[in-house]
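Q: Here it is, the structure in full.
Quick note: the coordinates plus some simple rules give every number you see, no bench work behind them. Quick caveat: nothing in here was measured; it's all calculated off a predicted structure. We place every Cβ from the backbone using ideal geometry, glycine too, and count neighbours over all the protein chains shown.
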Amino acid sequence: MLIKWETKFETGINRIDEQHKQLVAIMNKLHENIIIQKDGSLVNDLLMDLKIYTIDHFTTEEKMLKKYNYPAEKEHIEEHQKFINKVSENLFDVSSANLAKGYRLVEFLKDWITDHVLMHDMEYVTHFKKHHTFLAEIQTDIL
């Protein structure tokens, strides 16, 4: 398992936490396929799943950041775009014949998701906690 879900990843926003868990599950499948089974045959399908799901998740987050006037919204969105670009760059580039690139990609994904959730996402959670009504409203009004 690449990433084990832990409470330290929880934002306290149910929909965001569920989406993060799904992203971790897709990344764990990539890890299983590339690192454990050493089989790149499903990598492109999994990367496409990751890209599609990530875009959906980022859209949810970005609408929330905009609606609640998160001051670092622009920077946060730029981080999202870097991730999408990295996944897109690797589509159709990782195969059973090119697993070394897959290894590097898995490490990037692990580092990115843990750093992004634990640092960047927790920054907006801290911002929202300063405005107590935001967190309560977000739980019921998540986009």
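Q: Within 10 Å of each candidate Cβ there may be at most 12 other Cβ atoms; applying that plus a DSSP loop requirement, which GluC sites (Glu not before Pro) in the stretch 1-48 survive?
A: Passing both the DSSP loop test and the Cβ count: Glu6.
Q: With +1 on each Lys and Arg Cβ and -1 on each Asp and Glu Cβ, and nothing else charged, work out how big the dipole of the stretch 29-110 is about its Cα centre, in Debye to the nearest 20.
A: For this selection, approximately 80 debye.
Q: Treating the beta-carbon of each Lys and Arg as +1 and of each Asp and Glu as -1, no other charges, what is the dipole magnitude of the chain about its Cα centre, to the nearest 20 debye?
A: 100 debye
Q: I would also like to ask the following. Send over the per residue convex hull volume for the stretch 7-141, Cα only, as a whole number of Å³.
A: It is 93 Å³ per residue.
Q: Are there any chymotrypsin sites (Phe, Trp or Tyr not before Pro) in the stretch 28-137 that are in a DSSP loop and have at most 12 other Cβ atoms within 10 Å? List them by number.
A: Counting only loop positions with at most 12 other Cβ atoms within 10 Å, the chymotrypsin sites (Phe, Trp or Tyr not before Pro) in the stretch 28-137 are Phe92.
Q: Separate question: Among Met119, Met48, Met27, which one shows the highest mean-square fluctuation when the chain is modelled as a Gaussian network with alpha-carbon springs under 10 Å?
A: Sorting by GNM fluctuation, first place goes to Met119.
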